[in-house]
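K.L.:
Sending over a structure as structure tokens; questions will come in a sec.
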Amino acid sequence: MSNNNFNQNLKNISSENLDWSTIQKDMKNKFGSDIYESWLKKIEFVEEMNNYVLLSVSTRFIRDWITSRYLDQILQIVKNYKKDLTRIELKIIEKSSLDENKEQINNIKKTENISFIKDTYLQYNRIDPNKRFDNFVTGTSNKLAYEASLKVSENISHYNPLYIYGGVGMGKTHLLNSIGISLKEKNKVMFISAERFMYQFVKSIKSNDMVKFKEYFRNTDILIIDDIQFMNGKEAMQEEFFHTFNALLDKGSQIIISADRAPNKLSRIQDRIKSRFAGGLVVDIQKPDYELRSKIIKQKTEELNIFYSNQINISDEIQKFISLETTTSIRELVGAINRVVSFSRIYNKIPNLSEVKIVLKDLLNTGENKITIDLIQSIVCKFFKISKNEMLSSRRSRYLVRPRQIAIYLTKILTSKSLPEIGREFSNRDHTTIIHSVKTIEKLKENDQEMTNNINNLKNQILYNKPHEI
Ligand code: ADP
Ligand code: MG
């Protein structure tokens, strides 16, 4: 497209802008949440022209995957909103921190803009049958929250309210949902996100339906509110919430709340409400440790095997790789497993480690867990008690050669750097030297238990970014 044309097109952007969040919802409905979470959620909207929409994803692999499997149907979905659409293009844009900022800002905007949510209370009282106690895997980081939830579901008012908090993707909604499932047979359960609660509230004021709203919420036996940090309503709204809350507690209804932070850290909520939240039991969910991550990988793979009624054996090496690499949240971990399983179903083979790395490229080593060559070098140097100058020097003494080879090997397996790139970071060594180092260590690992132990130890230190004393 010539520049002129391009500018012309930019000017013609239709005034009726595409609402990407609506399209995302449609995609989720059409493809199901597994496929959506694993592949489609990360598609970003870039821009739209008269008959053309530009989207972006972060890796070539994902682009090709989506193009070959889903793009036609995505085109149909978008067409519902944009009749003269003829083409969708997927561009690869590596995710920079800039994009992440943009995404965060957009998310905040989305939650503040509630006008696109429309529907009745009941339609939002959706309990997901797939999130149950029996498929919630427990470990040190979530055991307390799990046990408290179980107690509440067996014996209402044991802890009231129950307040569960933790970061994104840690299993809060899963637990809240499990409570909902076990109590809904015998009780009137209302499971709603704080965002929708607010929306209903505002809507009922506008339509003079306050009485109905009050009745509805005050009649529930179990009120479950997800993501309370999004409750940022005006005084009147908080007032109503406070009264509903008290009325429910007075009549012995159970209240369960989740949030991304502790009650006292909620910024836009009145103090008296916060202290009500803190008046029952407050439990947190921490980041999953290695052991829990491995357990979840095993269980999810089994679930998917049953679901697809075929047997996919993800090798121990790959299971280990995934649990070492996806450390930030369980959501990310589950997404990674879904992708690997989809890959093996479609290609009818178990992916090997380098294929897994490609499939998961955009999930690995992001954000705070970023692995740099510098980090690897520092940790390896510390481990072998040599200096970085020695590691990077051209000296070939045996006590320097091994650590150097190990650092090179770890860089190869823990980062996505190419051989020439690794060579450059190790004082401009040739890429054949890099290959030789990697091969040497791979061989040694086969027969030398101490080498294997050292490598695993170093790998863990690097992945957790904590050079601890040895
Ligand atoms: P949150 O609400 O804390 O952001 P979710 O409850 O939505 O997180 O969890 C994200 C994903 O991870 C969901 O698919 C959920 O089923 C899964 N998940 C979270 N914790 C566990 C767990 N302990 N066992 C099994 N699956 C889990
Ligand atoms: Mg949630």
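The values are calculated or read from the model by the stated rules, or taken from the named source; none is laboratory data. In this text, all values refer to a predicted model and were calculated from it rather than measured experimentally. Virtual Cβ from ideal backbone geometry, glycine too; neighbours counted across all protein chains shown.
K.L.:
Those residues that are of a type in the set (S, T, N, Q), within 15 Å of ligand 2 (Cβ to nearest atom) and touching an Asp or Glu at 6+ places or on another chain (Cβ under 7 Å), I need them from the stretch 141-197; list them, please.
P.N.:
Of the stretch 141-197, the ones of a type in the set (S, T, N, Q) are 141-142, 149, 153, 155, 157, 160, 173, 177-178, 182, 187, 193.
Add one more test, that the residue is within 15 Å of ligand 2 (Cβ to nearest atom), and what stays is 142, 149, 173, 177-178, 193.
Within the stretch 141-197, Thr173, Asn177, Ser193 qualify.
K.L.:
Quick one: how many residues across the stretch 154-172 are surrounded by 20 or more Cβ atoms within 10 Å (Cβ to Cβ) and either in a strand (DSSP E or B) or within 16 Å of ligand 1 (Cβ to nearest atom) (or both)?
P.N.:
Residues meeting the conditions: 8.
K.L.:
Filter the stretch 353-377 down to residues that are surrounded by fewer than 17 Cβ atoms within 10 Å (Cβ to Cβ) and over 18 Å from Val57 (Cα atoms) and give me whichever is modelled with the lowest pLDDT.
P.N.:
Residue satisfying both the conditions and the ranking: Glu368.
K.L.:
Working only within the stretch 199-228, note down all residues that are of a type in the set (Val, Ile, Thr) and under 35 Å from the mean Cα position of the chain (by Cα).
P.N.:
Our first condition is that a residue be of a type in the set (Val, Ile, Thr); within the stretch 199-228, this holds for 202, 205, 211, 220, 222, 224-225, 228.
Once the filter is applied, which keeps residues that are of a type in the set (Val, Ile, Thr) and under 35 Å from the mean Cα position of the chain (by Cα), the stretch 199-228 yields Val202, Thr220, Ile222, Ile224, Ile225, Ile228.
K.L.:
Looking only at the stretch 219-243, which residues are charged (D, E, K, R) and either surrounded by 16 or more Cβ atoms within 10 Å (Cβ to Cβ) or within 27 Å of Gly167 (Cβ to Cβ) (or both)? Working first, answer last.
P.N.:
Residues of the stretch 219-243 charged (D, E, K, R): 221, 226-227, 234-235, 239-240.
Hits for the stretch 219-243 are Asp221, Asp226, Asp227, Glu240.
K.L.:
Still on this model: Restricting the stretch 47-66 to residues that are modelled with pLDDT of 85 or more and over 20 Å from the mean Cα position of the chain (by Cα), which is farthest from Leu90 (Cα to Cα)?
P.N.:
In this case the residue turns out to be Val53.
K.L.:
Cβ-Cβ under 8 Å, sequence separation 6+ or interchain: first residue in the stretch 155-180 and touching a residue at least 12 places away in the same chain (Cβ under 8 Å), partner small (Gly, Ala, Ser) and within 8 Å of ligand 2 (Cβ to nearest atom). Which pairs?
P.N.:
What qualifies is Tyr163/Ser258; Ile164/Ser258; Tyr165/Ser258; Lys172/Ser258; Thr173/Ser258; Leu175/Ser258; Leu176/Ser258.
Condition check ((1) farther than 30 Å from Ile330 by Cβ; (2) at pLDDT below 90) across all residues:
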position	(1), (2)
Glu240	yes, yes
Asn246	yes, no
Ile257	no, no
Asp260	no, no
Asn264	no, no
Ile269	no, yes
Gly279	no, no
Val282	no, no
Lys287	no, no
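K.L.:
Which members of the stretch 254-282 meet the condition of being buried (at least 19 other Cβ atoms within 10 Å of the Cβ) and touching a residue at least 60 places away in the same chain (Cβ under 8 Å)?
P.N.:
Matches in the stretch 254-282: Gln254, Ile255, Ile256, Ile257, Ser258, Ala259, Pro263, Arg276, Phe277, Gly280, Val282.
K.L.:
Restricting the search to the stretch 262-298, which residues are assigned to a helix (DSSP H, G or I) and of a type in the set (Asp, Glu)? Working first, answer last.
P.N.:
Looking only at the stretch 262-298, we keep the residues that are assigned to a helix (DSSP H, G or I), and these are 263-265, 271-278, 290-298.
Within the stretch 262-298, Asp271, Glu291 qualify.
K.L.:
If you check Phe197 against the conditions, is it modelled with pLDDT of 80 or more, more than 9 Å from ligand 1 (Cβ to nearest atom), in a strand (DSSP E or B) and not assigned by TED's automatic domain parsing to the domain that holds Thr22?
P.N.:
Values: modelled with pLDDT of 80 or more: yes; more than 9 Å from ligand 1 (Cβ to nearest atom): yes; in a strand (DSSP E or B): no; not assigned by TED's automatic domain parsing to the domain that holds Thr22: yes.
Answer is no for this residue.
K.L.:
Does the stretch 126-139 hold any residues that are over 18 Å from Ile255 (Cβ atoms) and either modelled with pLDDT under 95 or in a helix (DSSP H, G or I) (or both), and which are they? Break it down stepwise before answering.
P.N.:
Our first condition is that a residue be over 18 Å from Ile255 (Cβ atoms); within the stretch 126-139, this holds for 126, 128-139.
Those that are over 18 Å from Ile255 (Cβ atoms) and either modelled with pLDDT under 95 or in a helix (DSSP H, G or I) (or both): Arg126, Asp128, Pro129, Asn130, Lys131, Arg132, Phe133, Asp134, Asn135.
K.L.:
Next question. Does Gly280 satisfy the condition of being within 16 Å of ligand 2 (Cβ to nearest atom) and not hydroxyl-bearing (Ser, Thr, Tyr)? Talk me through it step by step, then tell me what you get.
P.N.:
On the way: within 16 Å of ligand 2 (Cβ to nearest atom): no; not hydroxyl-bearing (Ser, Thr, Tyr): yes.
Spelling it out, it is not the case that Gly280 is within 16 Å of ligand 2 (Cβ to nearest atom) and not hydroxyl-bearing (Ser, Thr, Tyr).
K.L.:
Mind counting the residues in the stretch 376-401 that are farther than 14 Å from Phe426 by Cβ and either in a helix (DSSP H, G or I) or in contact with a Ser or Thr (Cβ under 7 Å, 6 or more places away or on another chain) (or both)?
P.N.:
Final tally of qualifying residues: 6.
K.L.:
Continuing with this model, one more query. Listed residues Thr301, Thr327; which is within 16 Å of ligand 1 (Cβ to nearest atom) and either assigned to a strand (DSSP E or B) or in contact with a Pro (Cβ under 9 Å, 6 or more places away or on another chain) (or both)?
P.N.:
On the way: Thr301 fails: either assigned to a strand (DSSP E or B) or in contact with a Pro (Cβ under 9 Å, 6 or more places away or on another chain) (or both).
Going through Thr301, Thr327 in turn, just one is within 16 Å of ligand 1 (Cβ to nearest atom) and either assigned to a strand (DSSP E or B) or in contact with a Pro (Cβ under 9 Å, 6 or more places away or on another chain) (or both): Thr327.
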